[in-house]
Amino acid sequence: MNFDGRILSGVGVLAAVVERGTFASASEMLGLTPSGVSRAISRLEDRLGIRLFDRTTRSLHLTDEGARFYEAVVAHLEGIEEAAAIASGAARTVRGRLRVNVDPFFSGLVLAPNLRRFTELYPELQIEIHTRESVGDLVSEGMDVAVRFGPQPSSSLISRLLLETRILTVAAPSYLASYGKPKRPEDLSGHACIQFRDPQTGRPFDWEFQRGKTILPVHTGGPLLLTDVNTMLQACLAGCGVAQVMSLGVQHLIAGGHLMELFPDWPGETFPLYAIHPSRRHPAAKVRAFLDFCAELGEKAPK
């Protein structure tokens, strides 16, 4: 295909529609009419020979072909924008809108208390934070980056490790007063253990304990199977059973005597936190700034 400057302009319209979510919002951003945006997308579809969007009266979504095309070209579009910034002497300026998909637990516990400093560092940046349980489709949803706990499946997305936090086995004093304190991990088979569903497999996480190179799997069970970390933590505090939790979120509760760590002599199991963004050779300056900020928070957070 010979270069067609009209395709480049159409890609700019496509990026605006994906970013804003509707033709009407994109038209406000571009200074066009909604019908003008619609015609530009139709012309781009005709030139490419694919349908970019599934459109109804209530929703607008990228097709699979549209998502693949958008992911392939948006990095180049952002590269052109950054080249223009360099030419205008604004290469170091972080600005625009940053859309972030964040794990609810990390968002409330680590990110929210530090957002003021981030906004003060980058006053020209507008930040949208979407707290969700899963990554979803970053490209079709117009997300710039996601932050998620746990090993990430193989994909075209780029993952950056932010931190690894210890996994602790804990219980409330009220539970231990009623049912006794297990002396060894193997004793948990006789206790109510709060199960947590792995969002990637749909099954409860397996319980295991690690000390040096020794890994000890333990079969556990109980009446509760949960999908939310905060609910699991509150249930454990209420004396519902034994739970495995991230050290990142409970150190203050252990220090205050609200929870007791049961097996401090098995300290080796850890759980990772990743930042995930679409595969781009040169991530936008706003994405790099957020990744670096999260990495800094990870270094300072209690493990």
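Report, by residue number, each residue of the stretch 129-150 that is open to solvent by 40 Å² or more (accessible area, probe 1.4 Å) and within 19 Å of Leu115 (Cα to Cα).
Ile129, His130, Thr131, Arg132
Among what's in the stretch 101-128 and is β-branched (Val, Ile, Thr) and over 23 Å from Thr165 (Cα atoms), pick the residue that is surrounded by the fewest Cβ atoms within 10 Å (Cβ to Cβ).
That would be Thr119.
Within the stretch 213-226, is there a residue that is in contact (Cβ under 8 Å) with a residue 12 or more places away in the chain, open to solvent by 60 Å² or more (accessible area, probe 1.4 Å) and basic (Lys, Arg)?
Looking for residues that are in contact (Cβ under 8 Å) with a residue 12 or more places away in the chain, open to solvent by 60 Å² or more (accessible area, probe 1.4 Å) and basic (Lys, Arg), one finds none in the stretch 213-226, hence no.
Would you confirm whether any residue within the stretch 261-280 is in a helix (DSSP H, G or I) and either open to solvent by 40 Å² or more (accessible area, probe 1.4 Å) or under 20 Å from Arg197 (Cβ atoms) (or both)?
No; the residues of the stretch 261-280 include none that is in a helix (DSSP H, G or I) and either open to solvent by 40 Å² or more (accessible area, probe 1.4 Å) or under 20 Å from Arg197 (Cβ atoms) (or both).
Tally the residues that are without any contact (Cβ under 8 Å) to a residue 60 or more places away in the chain and within 12 Å of the chain's Cα centre (by Cα), restricting the search to the stretch 119-163.
Result for the stretch 119-163: 6.
Among residues belonging to the stretch 144-193 that are small (Gly, Ala, Ser) and part of a strand (DSSP E or B), point out the one that is modelled with the lowest pLDDT.
Ser159
Results for (1) assigned by the TED database to the domain that holds Leu109; (2) part of a strand (DSSP E or B); (3) under 23 Å from the mean Cα position of the chain (by Cα), shown as yes or no for each residue.
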{"residue": "Phe209", "(1), (2), (3)": "no, yes, no"}
{"residue": "Met232", "(1), (2), (3)": "no, no, yes"}
{"residue": "Leu248", "(1), (2), (3)": "no, no, yes"}
{"residue": "His252", "(1), (2), (3)": "no, no, no"}
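Residues in the stretch 151-163 that are in contact with a Gly (Cβ under 9 Å, 6 or more places away or on another chain) and surrounded by fewer than 19 Cβ atoms within 10 Å (Cβ to Cβ): how many?
1
Among the residues of the stretch 234-246, which ones are of a type in the set (A, V, I, L, M), part of a helix (DSSP H, G or I) and open to solvent by 40 Å² or more (accessible area, probe 1.4 Å)?
Leu237
Could you tell me which residue of the stretch 192-207 is farthest from Glu261 (Cα to Cα), considering only residues that are open to solvent by less than 70 Å² (accessible area, probe 1.4 Å) and of a type outside the set (A, V, I, L, M, F, W, C)?
Within the stretch 192-207, the match that is farthest from Glu261 (Cα to Cα) is Gly202.
The values are calculated or read from the model by the stated rules, or taken from the named source; none is laboratory data. On a predicted model such as this, the values are computed, not experimentally measured, just so you know. Cβ sites come from the backbone with ideal geometry, for glycine too, and all protein chains shown count toward neighbours. Surface accessibility is based on the protein's heavy atoms, side chains included, excluding ligands, DNA and RNA. Shrake-Rupley method; radii C 1.70, N 1.55, O 1.52, S 1.80 Å.
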